[in-house]
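The next block holds one structure in the form of structure tokens; read it before the comments.
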Amino acid sequence: MSRIAASALSQRGPTRPVRLTALFFIGLMAGCTADPEAIQAQALQAASQWFTQASAWQVEDSVEPPACHAFGLVKFPDADCTDMATHAGRLDNASRTIASVKLRDCFGQGSAEVCGEFAEIWFDSKTEDGVGIREGMVLKRDNEQFRMYWYRSDTLFTELTRQAERAEANTEVGRLAASQERLEAAYTQIVERDPGVYTYPPCIDARVSSAVMVGELMAMSNVTVQALDQRAEQCSKDLCLALVGKRIAALCL
């Protein structure tokens, strides 16, 4: 059993780290009353059970992963239930101490906000190597039962940040590749019409700006070797062609 802490239930303000040993006894004594301390005890009991199952799932193939609230997964799709259970299960279950417990009427912001009965709990925990980790959990209470709605930890935040950065990089690479394909298609048409244009290659991943552009934008039908030769006389570097919308820009790079 984890040692999450119990005296935090009666604290008003910053809670001090305490262990979870007496938590289940408090929950049993509280019964089904609507008292806030009893509801906090119920939330902590649900959190303890979820963490215990996450830890057991990491080492026992026969153990099912802990469940997550379906609506929480819809509102916060950046991490699925497997992600959350995996990161929680890798931490030392016995090291968890409560940093804060708060009952909330709503959770989330903007389109992700949902109102109801929530408990937000933050823990100070450790990895198996003894490295300190902060982790937080939000549980939603439906029909007098709490279910894990949202979980994040330092390690999970780091992983989600890396995933977002990779997705952004892939999106940018895809955008540049598509832009380059359009330029090459336009360039092929121009060269087929006027083979002499082949002397001036298409630009590779170049940013179009007034500082490097020679002359005005040209319609594709107006791009000839004579027109480019005139622009090349104004360029002390290499002249290449870029696509801006449906027009061609001559860049001096």
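What to note about this one:
- Qualifying residue in the stretch 25-38 (condition: in contact with a Ser or Thr (Cβ under 9 Å, 6 or more places away or on another chain), surrounded by 16 or more Cβ atoms within 10 Å (Cβ to Cβ) and either modelled with pLDDT of 50 or more or in the same structural domain as Arg96 (by TED's automatic domain parsing) (or both)): no
- When the residues of the stretch 186-235 are filtered to those that are among the small types (Gly, Ala, Ser) and farther than 14 Å from Arg247 by Cβ, the one that is surrounded by the most Cβ atoms within 10 Å (Cβ to Cβ) is Ala232.
- Yes/no for Ala46 being aliphatic (A, V, I, L, M) and under 29 Å from Arg162 (Cβ atoms): no
- Members of the stretch 68-83 found to be touching a helix residue (DSSP H, G or I) at 6+ places or on another chain (Cβ under 7 Å) and among the hydrophobic types (A, V, I, L, M, F, W, C), listed by number: Cys68, Leu73, Phe76, Ala79, Cys81
- Test: residue in the stretch 132-146 that is of a type outside the set (A, V, I, L, M), assigned by TED's automatic domain parsing to the domain that holds His69, within 16 Å of Thr52 (Cα to Cα) and crowded, with 20+ Cβ neighbours inside 10 Å: yes
- Whenever a residue of the stretch 231-253 is in a loop (DSSP other than H, G, I, E, B), its partners that are not hydrophobic (A, V, I, L, M, F, W, C), lying with C-beta atoms within less than 8 angstrom and at least six residues away or across chains, give the pairs Gln234/Gly215; Leu253/Lys237; Leu253/Asp238.
- So Glu192, is it without any contact (Cβ under 8 Å) to a residue 24 or more places away in the chain and either assigned to a helix (DSSP H, G or I) or among the aliphatic types (A, V, I, L, M) (or both): yes
The values are calculated or read from the model by the stated rules, or taken from the named source; none is laboratory data. Here the structure is a predicted model, which means the values were calculated and not measured. Reconstructed Cβ throughout: ideal geometry from the backbone, glycine too, with neighbour counts over all protein chains shown.
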